[in-house]
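Student: Dropping the structure in here first, questions after.
Nothing in this text is a laboratory measurement; each read-out follows from the coordinates by a stated rule. Keep in mind that this is a model prediction, so the values were computed, not measured. Using ideal geometry, Cβ is built from the backbone for each residue, glycine included, and neighbour counts are taken over all protein chains shown.
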Amino acid sequence: MTTRRAACSCGQLCLTIEGEPSGISMCHCLECQRRTGAVISNQARFHREQITFTGEATAWMRAAESGNVLTFHFCPTCGSTVYFENDGVPEYVAVAIGNFADPNFPAPNIVVWEESRHPWISSPDKLTKQGR
């Protein structure tokens, strides 16, 4: 079984994950752009029971356009957002792919909010489009 580790920039907030993600997505929504400071966000979704959480996290919540509440967990020391939860699918936790610091992490298979995609960004072929 694959074991992966995701951590914030300073290493204080860490997740140890056993097994493969149930989905890997890229999001072009404006809220994710603001949250990450990048033109796209990438996250892997895991079943909650696959994850061991260590360290302290601070949470920030907002309503998504779906009406679900998203809770973002970030390191209070360095500010890195490491994972988030969606109250519409409480059995899953989404982990920001960059926190794995693994260039061999599997590619996204889902893309959302493409109407907010910057025109100079191209999505890989063979992605399942969900949402808007």
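Student: Expressed as a whole number of Å, what is the distance separating the alpha-carbon centroids of the stretch 35-87 and the stretch 6-33?
Tutor: 7
Student: Can you give the net charge of the other residues whose Cβ lies under 13 Å from the Cβ of ASN99, counting K and R as +1 and D and E as -1?
Tutor: Cβ neighbours under 13 Å give a net charge of +1.
Student: Normalising by the residue count of the chain, find the relative contact order in percent from Cα pairs under 8 Å and 6+ residues apart.
Tutor: Reported relative contact order: 28 percent.
Student: What FRET efficiency do you get for VAL69 and ASN109 if R0 is 30 Å and r is their Cβ-Cβ distance, rounded to the nearest 0.05?
Tutor: Computed FRET efficiency for VAL69 and ASN109 comes out at 0.75.
Student: With the alpha-carbon atoms as the only input, what is the per residue convex hull volume for the chain in Å³?
Tutor: Here the figure is 110 Å³ per residue.
Student: Right, next: For a quick protection proxy, order the peptides 48-57, 75-84, 101-110 by their average other-Cβ count within 10 Å, most packed first.
Tutor: 75-84, 48-57, 101-110
Student: In whole Hz and in residue order, list the ³J(HN,Hα) couplings for the stretch 60-70 that follow from phi through the Karplus curve 6.51 cos²θ - 1.76 cosθ + 1.60, θ = phi - 60°; x for Gly and Pro.
Tutor: 9, 10, 8, 8, 8, 4, 5, x, 6, 9, 9
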